[in-house]
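Participant: This structure is in structure tokens; I'll ask about it shortly.
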């Protein structure tokens, strides 16, 4: 059997073009719907993230206040500890100076006197001592150095600088500086 198409070709082309337009429209609508759904999903996700960020920011602000309070308490505790350490050091070093003066005077010859004493407390109740002293003779300086070395409580005695001599015989005065370290084994 033979089929004969009696519809003109222009009408068939128009119909094919109309079907293509409908298919393109449907595809465009599907793309627009997908784009709308994806955009809505992104907007919802962004709103959820903003709400989550606000919750986290509120939690952060609350914890920040707590951290500031803790830091303030730590500063106060450090200040109290520092005061307590000073008091403890003073209590530990309290008998140090009387022992030091007793031991120092016990090593001095009769014609030696000091005009100034400077001490610096080191670790373990150890004193670094600088003595400004005068003597009636060079032999007394030497005797004092030997006494200090043999005392057991003073270490590394040394004359700092030059020994200056003033006056005339019999009133000669030797002026000098002595540096040593003091540590009392009883403390």
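The values are calculated or read from the model by the stated rules, or taken from the named source; none is laboratory data. Since the model is a prediction, treat every value here as computed from it, not as a measurement. Cβ coordinates were reconstructed from backbone atoms using ideal geometry, including for glycine residues, and neighbour counts include every protein chain displayed.
Participant: Under the condition of being in a helix (DSSP H, G or I) and exposed (fewer than 10 other Cβ atoms within 10 Å of the Cβ), which residue from segment 1-16 is modelled with the highest pLDDT? Reasoning before the result, please.
Facilitator: Of all residues in segment 1-16, those in a helix (DSSP H, G or I) come to 9-16.
Among the residues that remain, those that are also exposed (fewer than 10 other Cβ atoms within 10 Å of the Cβ) are: 9-11.
On the way: 9: 83, 10: 87, 11: 83.
Among them, the one singled out is 10.
Participant: Sticking with this structure for a sec: Search segment 123-144 for residues being without any contact (Cβ under 8 Å) to a residue 24 or more places away in the chain and either assigned to a helix (DSSP H, G or I) or surrounded by 12 or more Cβ atoms within 10 Å (Cβ to Cβ) (or both), and hand back the single one that is nearest to the chain's Cα centre (by Cα). Steps first, answer last, please.
Facilitator: The initial filter retains those residues of segment 123-144 that are without any contact (Cβ under 8 Å) to a residue 24 or more places away in the chain, namely 123, 139, 142.
Okay, now just the ones that are also either assigned to a helix (DSSP H, G or I) or surrounded by 12 or more Cβ atoms within 10 Å (Cβ to Cβ) (or both), so 139, 142.
On the way: 139: 52, 142: 48 Å.
Among those that are without any contact (Cβ under 8 Å) to a residue 24 or more places away in the chain and either assigned to a helix (DSSP H, G or I) or surrounded by 12 or more Cβ atoms within 10 Å (Cβ to Cβ) (or both), it is 142.
Participant: Evaluate the following for residue 59: is it at negative phi, in a helix (DSSP H, G or I), modelled with pLDDT of 95 or more and under 26 Å from the mean Cα position of the chain (by Cα)?
Facilitator: no
Participant: Restricting attention to segment 99-111, report how many residues are part of a helix (DSSP H, G or I) and surrounded by 10 or more Cβ atoms within 10 Å (Cβ to Cβ).
Facilitator: Pass one, segment 99-111, residues part of a helix (DSSP H, G or I): 99-107.
Then keep just the ones that are surrounded by 10 or more Cβ atoms within 10 Å (Cβ to Cβ); that gives 99-104, 106-107.
Of the residues in segment 99-111, 8 are part of a helix (DSSP H, G or I) and surrounded by 10 or more Cβ atoms within 10 Å (Cβ to Cβ).
Participant: Let me ask something else. What is the one condition in (1) loosely packed, with under 15 Cβ neighbours inside 10 Å; (2) in the same structural domain as residue 169 (by TED's automatic domain parsing) that residue 79 does not satisfy?
Facilitator: That leaves (2) as the condition not met.
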